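Inspection log for the structure reproduced underneath, given as structure tokens.
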Amino acid sequence: MAEFANIIIDISHEKLDKAFQYRVPAHLQETLSLGMQVEIPFGNGDRAATGYVVGLSGTPEYDVDKIKEIHGIVEGSIPIESQLIALAGWMRENYGGTMNHALKTVLPIKQKTKEKKQREIKLLLKPGEAKEQLALFEKKNHKARARLLLALMEQNPIPYEAVTGKLNITASVIRAMASMGVLSVEEKRKYRSPFGQEFPQEKKRLVLNLGQQGIVDRIWQDFLEGNHKTWLIHGVTGSGKTAVYIELIEKAVQQGKQAIVLIPEIALTYQTVVRFYQRFGERVSILNSKMSAGERYDQFERAKNGELDVMIGPRSALFTPFSNLGFIIIDEEHETSYKSETVPRYHARETAIERARMAGAAVVLGSATPSLDSYYKAKQGEYTLLELEKRIEEKPLPACEIIDLREELKQGNRSILSGRLEELIKDRLKNHQQAMLFINRRGMAGFVSCRSCGHVLKCPHCDVSLSQHNNGKMVCHYCGYEEPVPKVCPECGSKYISGFKAGTQKVEEIVKKRFPEARVLRMDFDTTRNKAGYEKILSAFANQEADILIGTQMIVKGHDFPNVTLVGVLAADLSLYVSDFHAAERTFQLLTQAAGRAGRGRLPGEVVIQTYSPEHYCIQLAAQQDYARFYEAELQCRGLMGYPPCGHMMAMLVASPDEMTAFLCAELLSQKVRQAQAKGKLPGLTVVGPTNAPVAKVKDIYKKVIYFKHKEYPELVKIKDVLETFVNSHREFANVTIQFDFNPMNGF
């Protein structure tokens, strides 16, 4: 029973930087809950104001006599902000950070950007009256007025800019005619369009096959019966998951519901959006990181005002202020981009499930390579598993071939293209088919090292190697530090110092040299920096203006190119030997997704996987497209170490500009937990650390990490709560940053 409530005042107008505490009257103590809108006295004059409950407590924060009392709960429909604030409270509880952090995440548009207005001039006279007035203007030789009136008689209304521009009518003439009651100037809100181009307007009907229709019917029947579950659609690449999403959304829209579709940012392309636009027209919108603040604000306003049915975007689209949500769909649900890397470090999947619970909606997850976490929950019965085992029109999966690069080296081939891959590229060029070459890194070089002494050049501010770029400089991709590439090794003086050249630019150079007749496109972070970068490259390749597309992960995410019959994976194990327990899972997912780009049209596809580890189970099973066997093999490995999903993990970051302070504070926190363990209070808990973070120093900030492992997630949340309270009550932590990451995916 809470006696005090922390309240944010009228969030649409006030800054989100402070909550005020109020006393909860006795008659409201049983009913008041997080996110509710309340009436309160505010300021010196105790003016009536509205606010939202963001915290409940039994403890006053200052003198009780000075704490004002809540007047009451605002009656009527609860605005969508209340639901989002309640969601922020859940995120703060489950992922750590402050309520302010959580609020700024769920309500990203804090300040109203300047609205765009569109003015138009409207004729107020009936046709007969207009003719009489026109004759009068002509008689009095009022040429400008006559010209405007004649134009309005032909087209009504006319945009204001067209009148002052094309017709060359002055504002004073318009004002004079308005005062006469001939016309009116009307102003309406003009929304910024998130689409860089016009899409086809026809509404294409999809014809689902039996497998797709079966899944739609099953989910929809449960939805109608009020069983708002979480569904996991495991469908092989090219099995038509998007068509299933569209069909479900249309059914929901017909019932007045709205839908949010989450897609990894790098897959949010013209190809994806046009399919939704063709079905839902202007009732669909998108969000992405390259949109301006004004464009993003407008899309949230349109959603809040009921002008949209569907919002498509990366994880931030999850907080679209829809008031009658029916479905939240998460495509490519295995993607790591669904996990936030800023506080609160929430996962979009779990947060979507909680938002759906609050809104009475259902969650649909989809992937050809589901995350182990989701598949495990489906196997445990927490999610409902549905399978699409065949491609559309029963097209065959591509044939995969594994090439051992060690054998290539023995045969004297030092090129990054194996003999077999070269042979297949020649064949595709000869037959006017397309090929994609995938490498899991970008830039000219991974690092610069000395071949004599092995010294690697590192950033002086961050514990990472510098990357060599084309302009003769080495750059730190964490803090932006740069310096020229040295002529000799600063450690031993050797002149044999150079970059490890395995980036997309280097691959492009080699391919162009080897196949001068080929038209080659490169797609990576550097070539897609501008707003329309993705679209230009993808549409050019889709229109067959290029023969070979070289790229990083972004080329293997959900794209559909019917003329691609060959995919070459140039270095399959670049993602396999990183210090992360997800390495095998991510490598399997990348290889399977890459292979899935081949043979999606009428011609069969082939895939060549080049690797130094041909015997590794994740590479073998990716070549066979065998997710079930990979899941079983990987789950056994995770179970041995108690890693998710077989258990849960919480990483705690302790960071400070002073390395000793960071270490001592981390040691103090780990000791506090170990002391509780010694008293038998935390059975089943494993504590590792403190230790250096994978990148131990960034921008001159030292980072230490403590890892906690436990079978039960709520036990880790309790430990987080205790440590947060301890940190907030001890001065030693005043200049120390503390962050929590549950079931970490990328590390600090």
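Numbers at a glance
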{"read-out": "Matching residues, the range 233-262, being in contact with a Ser or Thr (Cβ under 9 Å, 6 or more places away or on another chain) and under 12 Å from residue 362 (Cβ atoms)", "value": "260"}
{"read-out": "Hey, residue 351 of a type outside the set (Lys, Arg) and under 22 Å from residue 239 (Cα atoms) or not", "value": "no"}
{"read-out": "Flag if residue 688 is loosely packed, with under 15 Cβ neighbours inside 10 Å and closer than 23 Å to residue 640 by Cα", "value": "yes"}
{"read-out": "Members of the range 33-46 that are modelled with pLDDT of 85 or more and farther than 17 Å from residue 88 by Cβ", "value": "39, 40, 41, 42"}
{"read-out": "Verdict on residue 601 being over 13 Å from residue 237 (Cβ atoms), in contact (Cβ under 8 Å) with a residue 24 or more places away in the chain and not polar (S, T, N, Q)", "value": "yes"}
{"read-out": "Unmet criterion (only one of (1) under 21 Å from residue 379 (Cα atoms); (2) of a type outside the set (Asp, Glu); (3) without any contact (Cβ under 8 Å) to a residue 12 or more places away in the chain) for residue 235", "value": "(3)"}
{"read-out": "Close pairs (6 angstrom Cβ cut-off, 6 or more residues apart or separate chains): basic (Lys, Arg) in the range 239-253, buried (at least 22 other Cβ atoms within 10 Å of the Cβ) anywhere", "value": "241/233; 241/235; 241/366"}
{"read-out": "Which numbered condition residue 697 fails, given (1) closer than 25 Å to residue 644 by Cβ; (2) out of contact with any Leu (no Cβ under 7 Å at 6 or more places or on another chain); (3) touching a residue at least 60 places away in the same chain (Cβ under 8 Å); (4) crowded, with 18+ Cβ neighbours inside 10 Å", "value": "(1)"}
{"read-out": "Only one of 704, 672 that is basic (Lys, Arg), modelled with pLDDT of 90 or more and open to solvent by less than 60 Å² (accessible area, probe 1.4 Å)", "value": "704"}
{"read-out": "Subset of the range 602-620 that is assigned to a helix (DSSP H, G or I) and open to solvent by less than 10 Å² (accessible area, probe 1.4 Å) - its residue that is nearest to residue 434 (Cα to Cα)", "value": "619"}
{"read-out": "Long-range neighbours under 6 Å by Cβ, at least six apart or interchain, first residue closer than 14 Å to residue 218 by Cβ within the range 366-391, second in a loop (DSSP other than H, G, I, E, B) and modelled with pLDDT under 95", "value": "384/229; 388/239"}
{"read-out": "Unmet requirement for residue 695, which otherwise passes all of (1) under 22 Å from residue 745 (Cβ atoms); (2) over 28 Å from the mean Cα position of the chain (by Cα); (3) of a type in the set (A, V, I, L, M)", "value": "(2)"}
{"read-out": "Given (1) in contact with a strand residue (DSSP E or B) (Cβ under 8 Å, 6 or more places away or on another chain); (2) surrounded by fewer than 18 Cβ atoms within 10 Å (Cβ to Cβ); (3) within 15 Å of residue 206 (Cβ to Cβ), number of the condition residue 248 does not satisfy", "value": "(2)"}
{"read-out": "Qualifying residues in the range 700-717 (those that are assigned to a strand (DSSP E or B) and of a type outside the set (A, V, I, L, M)) - the one farthest from residue 645 (Cα to Cα)", "value": "702"}
{"read-out": "Per-region count, the range 355-365, residues open to solvent by 10 Å² or more (accessible area, probe 1.4 Å) and either in a loop (DSSP other than H, G, I, E, B) or without any contact (Cβ under 8 Å) to a residue 12 or more places away in the chain (or both)", "value": "1"}
{"read-out": "Test for residue 669: is it assigned to a helix (DSSP H, G or I) and closer than 16 Å to residue 741 by Cα", "value": "yes"}
{"read-out": "Odd one out for residue 414 among (1) in contact (Cβ under 8 Å) with a residue 40 or more places away in the chain; (2) farther than 30 Å from residue 211 by Cα", "value": "(1)"}
{"read-out": "Qualifying positions in the range 575-598 - of a type outside the set (Ser, Thr, Tyr), in contact (Cβ under 8 Å) with a residue 40 or more places away in the chain and either on the phi > 0 side of the Ramachandran plot or open to solvent by 20 Å² or more (accessible area, probe 1.4 Å) (or both)", "value": "580, 581, 586"}
{"read-out": "Pick from the range 154-190, criterion open to solvent by less than 30 Å² (accessible area, probe 1.4 Å) and in a strand (DSSP E or B), ranking: farthest from residue 305 (Cα to Cα)", "value": "183"}
{"read-out": "Flag if residue 391 is crowded, with 18+ Cβ neighbours inside 10 Å, among the basic types (Lys, Arg) and touching a Gly at 6+ places or on another chain (Cβ under 7 Å)", "value": "yes"}
{"read-out": "Number of the exception - residue 681 against (1) more than 31 Å from the chain's Cα centre (by Cα); (2) open to solvent by less than 20 Å² (accessible area, probe 1.4 Å); (3) among the basic types (Lys, Arg)", "value": "(2)"}
{"read-out": "Any chance residue 238 is at pLDDT below 90, open to solvent by 10 Å² or more (accessible area, probe 1.4 Å) and either in a loop (DSSP other than H, G, I, E, B) or not polar (S, T, N, Q) (or both)", "value": "yes"}
{"read-out": "Restricting the range 108-134 to residues that are of a type in the set (S, T, N, Q) and surrounded by 14 or more Cβ atoms within 10 Å (Cβ to Cβ), the residue that is modelled with the lowest pLDDT", "value": "113"}
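Condition check ((1) hydroxyl-bearing (Ser, Thr, Tyr); (2) open to solvent by less than 10 Å² (accessible area, probe 1.4 Å)) across all residues:
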residue: 273; (1), (2): no, yes
residue: 291; (1), (2): no, no
residue: 298; (1), (2): no, yes
residue: 307; (1), (2): no, no
residue: 310; (1), (2): no, yes
residue: 328; (1), (2): no, yes
residue: 342; (1), (2): yes, no
residue: 351; (1), (2): yes, yes
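The values are calculated or read from the model by the stated rules, or taken from the named source; none is laboratory data. Because the structure is a prediction, the values reported are computed rather than measured. Virtual Cβ from ideal backbone geometry, glycine too; neighbours counted across all protein chains shown. Areas reflect the complete protein model, heavy atoms only, side chains present, ligands, DNA and RNA absent. Shrake-Rupley method; radii C 1.70, N 1.55, O 1.52, S 1.80 Å.
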